[in-house]
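The values are calculated or read from the model by the stated rules, or taken from the named source; none is laboratory data. Model, not experiment: these values are computed from the prediction. Note: ideal-geometry Cβ built from the backbone for every residue, glycine included; neighbour counts use all protein chains shown. To get the accessible areas, we keep the full protein, side chains included, count just its heavy atoms, and leave off ligands, DNA and RNA. Shrake-Rupley method; radii C 1.70, N 1.55, O 1.52, S 1.80 Å.
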Amino acid sequence: MSPDQSLKKILIIDFGSQFTQLIARRIRELGVFSEIVSHKKIRNKYIDDSIKGIILSGGPLNVYDIKRYSFDKNIIENNIPVLGICFGHQILSKLNGGRVKQSKHREFGLANIYMKKNSPLTKNFFRKNKTIKVWMSHADQVSKLPKNFRVIASSQNSKFAMVENQSKNFYGVQFHPEVTHTENGKKLLSNFIFLICKIKRNWSSRDQKKKLIRDIRKQVGKSRVICALSGGVDSSVVAQLLNKAIGKNLYCIFVNTGFLRKNEEKQVVETFKKKLRINLIYVNAENEFIRKLKNITDPEKKRKIIGNLFIKIFERYAKKIKRVKYLAQGTLYPDLIESKSVTGSRTSKIKSHHNVGGLPKKMKLSLVEPLKFLFKDEVRKLGLELNLSKEIISRHPFPGPGLAIRMPGMITREKIKILKEADYYFIKGLKDHKLYDKIWQAYAALLPVKTVGVMGDNRTYEYLCLLRAITSEDGMTADFFQFKKTFIQEISNKIVNSIRGINRVVYDVTSKPPSTIELE
Ligand code: XMP
């Protein structure tokens, strides 16, 4: 269950709250390792000395609806401090003999709570007037306090908004300290972990780097490891970590599909082979990909062909390296969290994603996944700690099939060439105007229609270029970025004036949903 039992941690037991990952991130931001486990999976036998505190998350459940969840009560009887948040607060009260009922007034949004009593949990938490704004989101609430519990704070609608049993180190809060709307919420979590759990800081990028390098060496020993390098943030950090850990026993394979951004293959080779001295095999498969995609217009077919060919080529080169035992890939913590399915229902398939990692199943390699306990922002910080440039670390996401899914319809060499140029001018413009880091992802696409234009008294009949720039948290939802007219005008002029083949530029103003981020 645990990545390393020698690493002290705060265990977060997830009951399906949309905020559970936020709790883990806040604890880690405070410099302490935290791990999430689903309430469905946790058993008392898994609780060991490495766990210095337990947080029970919120969730959509009702404490009396015991068919929908099960929880081993012994888990809270290990002399480990417990903080219950929202549903976690209610279950902690119930397990200790309190009562929970549906509130007369459901509370969603901001509420004021009033301090009733001093507690280590609230040191420097309240304002001078002994109140603070917190974020509530609940229908049920504790209606009878368990024996030996006391009220720390109340709101107008929740008498037991904050409670404690100091002798057992049990604390419960009806609101969500992990969301930024709760004033000083991080202070409350900091009090819990440092003053109550008495855990020491152990989770800086430096700690992670040293530990991950040690772990990789321990796992792979003198064996050879292959890694598909895409030049994106995750695979770059994985490659550099392995490079530091095992040097020449790492073999990175970088496949140029022909659908990369302008000069990208040169930059990747320059950075990883020449600067970082990573053992890199560069495969130029442009022709093979373009040949296979000839006359293909269906988006899903394109994706399947590209994904399958990528695997074939990767395997072809991987086989040339003898005695390989491991495949390294950049799986992140959110991909792994067991409890993702507690609330999340499976959605219908919108697009098949072909990620570079996790590919050659046939080769029966064992996996090395050094980032599997990290969130994306932690991966970025680790990358900087590993001397990767800010440019690599702050790169926008780029899909595996690349530019191929940014030109609906038939793929031709001419279109690829035009699109590479358009994308180059757009991204350069964003960087020059210091907009790149404000945007989650931006790209140019080439639409399969030609329209009429006029340039210097001459009629033109050329392609339509679509620009897309979005803001997002995680790519699941997105909104379009609002540019100033002068910027978008400058880019449009630059593209039309510099590139033969485009005579019109449009800006995509749809959000996701209803659109997706990529066009195909
Ligand atoms: P959509 O278009 O589904 O994209 O809204 C969401 C995010 O996923 C990226 N994306 C991919 N990433 N392989 C990847 O590694 C893929 O096949 C793929 N397709 C889409 C997309 O760029 C956006 O960031």
Point to revise | For segment 42-161, with +1 on Lys and Arg beta carbons and -1 on Asp and Glu, the positive-most of I54, H138, M115 along the dipole | key: M115
Review point. Among bridges DSSP assigns within the chain, what percent are antiparallel (round to 5)?
Key: 50 percent
Study note, to complete from the structure: Distance in Å, no decimals, from the C-alpha centre of segment 500-516 to the one of segment 203-244 is 38 Å
**Study point:** Between helix 413-432 and the chain: long-axis angle, C-alpha atoms, 0 to 90°, nearest 10
**Key:** 50 degrees
**Study point:** the chain, accessible surface, carbon-and-sulfur percent (1.4 angstrom probe)
**Key:** 49 percent
Check your understanding: Of K101/K144; K222/K244; K244/K320; K210/K372; K273/K417; K186/K210, which ones are farther than 18 Å apart at the Cα?
Key -> K244/K320; K273/K417; K186/K210
**Study point:** DSSP beta bridges in segment 406-507 [antiparallel fraction, %, rounded to 5]
**Key:** 75 percent
Practice item. Compare the Cα positions of Q441, T460, F483 along the charge dipole of segment 406-507 (+1 at Cβ of Lys, Arg; -1 at Cβ of Asp, Glu; about the Cα centre) and return the one farthest towards the positive end. Key: T460
Review point. Given 37 °C and 0.692 mPa s, how large is the Stokes-Einstein diffusion coefficient of the chain in µm²/s, with Rh as the Kirkwood radius over Cα pairs?
Key: 127 µm²/s
Revision key, fill the gap. With N residues in segment 205-393, Rg(alpha-carbon) / (2.2 N^0.38 Å) equals 1.05
Practice item. Report the label-to-label distance for R106 and T477 in nanometres (one decimal), using points 7 Å from each Cα along the Cα→Cβ vector. Key: 1.7 nm
**Study point:** Rounded to the nearest 20 debye, dipole of the chain from Cβ charges on Lys, Arg, Asp, Glu
**Key:** 1300 debye
Check your understanding: So what's the convex hull volume per residue for the Cα atoms of segment 1-115, in Å³?
Key -> 134 Å³
Practice item. Of the listed pairs K133/K187; K428/K484; K8/K198; K312/K376, which have alpha-carbon separations greater than 20 Å here? Key: K312/K376
Practice item. Mind listing the long-range amide H neighbours of I12? Cut-off is under 5 Å, sequence gap 5 or more, other chains count too, H placed in the peptide plane at 1.01 Å from N. Key: E35, I36, V37, I55
Point to revise | Solvent-accessible area per residue for segment 441-520 (1.4 angstrom probe, square angstrom) | key: 56 Å²
Study note, to complete from the structure: Relative to the chain, whose Cα atoms define the longest principal axis, helix 376-385 and its Cα axis are tilted in degrees, nearest 10, by 70 degrees
Exercise for review: Report, in degrees rounded to the nearest 10, the 0 to 90 angle that the Cα long axis of helix 20-29 makes with the longest principal axis of the chain.
Suggested key: 90 degrees
Revision key, fill the gap. For K415, counting only aspartates and glutamates whose alpha-carbon sits under 15 Å away and dropping same-chain residues fewer than eight positions off, the answer is E286, D423, E462
Exercise for review: Scale the Cα Rg of segment 9-196 by the rule-of-thumb value 2.2 N^0.38 Å and send over the ratio, two decimals.
Suggested key: 0.92
